[in-house]
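A.B. asks: Quick one: structure below, then a few questions.
The values are calculated or read from the model by the stated rules, or taken from the named source; none is laboratory data. The structure displayed is predicted, hence computed values, not measured ones. All Cβ positions, glycine included, derive from the backbone under ideal geometry; neighbour counts span all protein chains shown.
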Amino acid sequence: MITFYPGPSKVYPQVADYAVEAVRQGIVSLNHRSTGFMDIVKETIRLLHEKLAIPADYHIALVSSATECWEIVAQSLTGEASLHPHSGAFGKKWAEYAYRIKPPTRLSDADVLCIVQNETSNGTQVPMETLAQFRRDFTGLIAVDAVSSMAGIVLDWTLADVWFASVQKCFGLPAGLAVLTYSPNALKRAEEIGENNHYNSLLFIHENFSKFQTPYTPNGLGIYLLMRILQQIAPIAEVASVTKQRAAAWYSFFENELAQSPFQLLNRDILVRSDTVIAVQGSDTDIKAIKIAAQQAGIMLGNGYGDWKTSTFRIANFPAISTDEIETLKQFLLNYCNADRMSAL
């Protein structure tokens, strides 16, 4: 089955070999306070800085998920309130989750701005230019959920104080691990707030990762797999170039080759179209039918989500997906839509 599901999505094929390697070499049995495991954490953090071009003064920690990062931001970095402008389901969920932990009193006193850079539910993204405007206008911390874009496109890390992403999308890895990076200003804010009551309080996390340790028994296999994949992939500038070329080709494909089909791009505004998740809309009946036909052809399309659950399908444009797989899907879509057009004549 070829999967274009936008998360969990396709893993790099080498992951299977790396997992066997981790078992055979006893890596999965290493104590997380041991020198051997600390060396793996240290190398993983070094590679994240190198391959993703993360500034040297930004700290990196590894946690369980992006949802946990929502919790960390609310617990450890929000003094008064957080603002959550959003355009889709995941931004809305983040706001709801954050407000359960830190109920807002006066939003005018908000000291954290929370942005979903790539809204997977509808295939939109916040361009770096928009983030730069937020940076100029907002005086507090900026936290960015980059779940569907980190390791797929170039991010200007200086435009936010906190960035995080789970690894089951552009990193091409199984779910169960997330990368959290935070600026010196974010650490200073955490120290000022002084929240240290939870296993995942940022101060406790930072204290451990400064020694290349984790505050709890971690997903050791996941961390090892992340290290091995980072060793394998090209620097982010090269990866992003391919991602953008493929995204442009996908959008052109739907606007030209499939212009007369029952399926149209959900987003008309090219300025906010995602580079990593293509959302396609149609009638509920047509969407259901093409997903069934694709599955019968050995292709997994992504379901719609939230308000677009039944009226869209989504196509992941993540680095682990091969060119041959993309061409297979395009040919399937052409054949399906041409057959549908002929039957209507």
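A.B. asks: Out of Val41, Val20, which single residue is out of contact with any helix residue (DSSP H, G or I) (no Cβ under 8 Å at 6 or more places or on another chain), β-branched (Val, Ile, Thr) and either assigned to a helix (DSSP H, G or I) or not assigned by TED's automatic domain parsing to the domain that holds Leu180 (or both)?
C.D. replies: The unique qualifying residue is Val20.
A.B. asks: Please state which of the following conditions Ser76 fails to meet, knowing it meets all the rest: (1) assigned to a helix (DSSP H, G or I); (2) surrounded by fewer than 22 Cβ atoms within 10 Å (Cβ to Cβ); (3) of a type in the set (Gly, Ala, Ser).
C.D. replies: Going through the list (1) assigned to a helix (DSSP H, G or I); (2) surrounded by fewer than 22 Cβ atoms within 10 Å (Cβ to Cβ); (3) of a type in the set (Gly, Ala, Ser), Ser76 breaks only (2).
A.B. asks: If you don't mind, another one. Being in a loop (DSSP other than H, G, I, E, B) and touching a Leu at 6+ places or on another chain (Cβ under 7 Å) is the filter; apply it to the range 232-274 and report the residue that is surrounded by the most Cβ atoms within 10 Å (Cβ to Cβ).
C.D. replies: Filtering the range 232-274 for residues that are in a loop (DSSP other than H, G, I, E, B) and touching a Leu at 6+ places or on another chain (Cβ under 7 Å), the one surrounded by the most Cβ atoms within 10 Å (Cβ to Cβ) comes out as Leu258.
A.B. asks: Does Gly194 fit the bill of being buried (at least 19 other Cβ atoms within 10 Å of the Cβ) and not aliphatic (A, V, I, L, M)?
C.D. replies: No, not satisfied.
A.B. asks: Confirm whether Glu68 is of a type in the set (Asp, Glu), in the same structural domain as Ala151 (by TED's automatic domain parsing), in a helix (DSSP H, G or I) and closer than 15 Å to Ala165 by Cβ.
C.D. replies: Answer is yes for this residue.
A.B. asks: Continuing with the same structure: Say we look at the range 103-125 and pick out the residues that are in contact with a Gly (Cβ under 9 Å, 6 or more places away or on another chain) and more than 26 Å from Phe318 (Cα to Cα); which of these is modelled with the lowest pLDDT?
C.D. replies: Among residues in the range 103-125 that are in contact with a Gly (Cβ under 9 Å, 6 or more places away or on another chain) and more than 26 Å from Phe318 (Cα to Cα), the one modelled with the lowest pLDDT is Asp109.
A.B. asks: Select from the range 292-318 the residues that are over 20 Å from Pro262 (Cβ atoms), crowded, with 23+ Cβ neighbours inside 10 Å and touching a helix residue (DSSP H, G or I) at 6+ places or on another chain (Cβ under 6 Å) and list them in ascending order.
C.D. replies: Asn317 - this is the single residue of the range 292-318 that is over 20 Å from Pro262 (Cβ atoms), crowded, with 23+ Cβ neighbours inside 10 Å and touching a helix residue (DSSP H, G or I) at 6+ places or on another chain (Cβ under 6 Å).
A.B. asks: Continuing with the same structure: Any idea which of Ala165, Ala132, Ala175 is surrounded by fewer than 17 Cβ atoms within 10 Å (Cβ to Cβ), modelled with pLDDT of 95 or more, closer than 30 Å to Lys244 by Cα and of a type outside the set (D, E, K, R)?
C.D. replies: The conditions single out Ala132.
A.B. asks: Taking the range 212-231 on its own, how many of its residues are under 19 Å from the mean Cα position of the chain (by Cα) and either exposed (fewer than 13 other Cβ atoms within 10 Å of the Cβ) or among the small types (Gly, Ala, Ser) (or both)?
C.D. replies: Here the count works out to 1.
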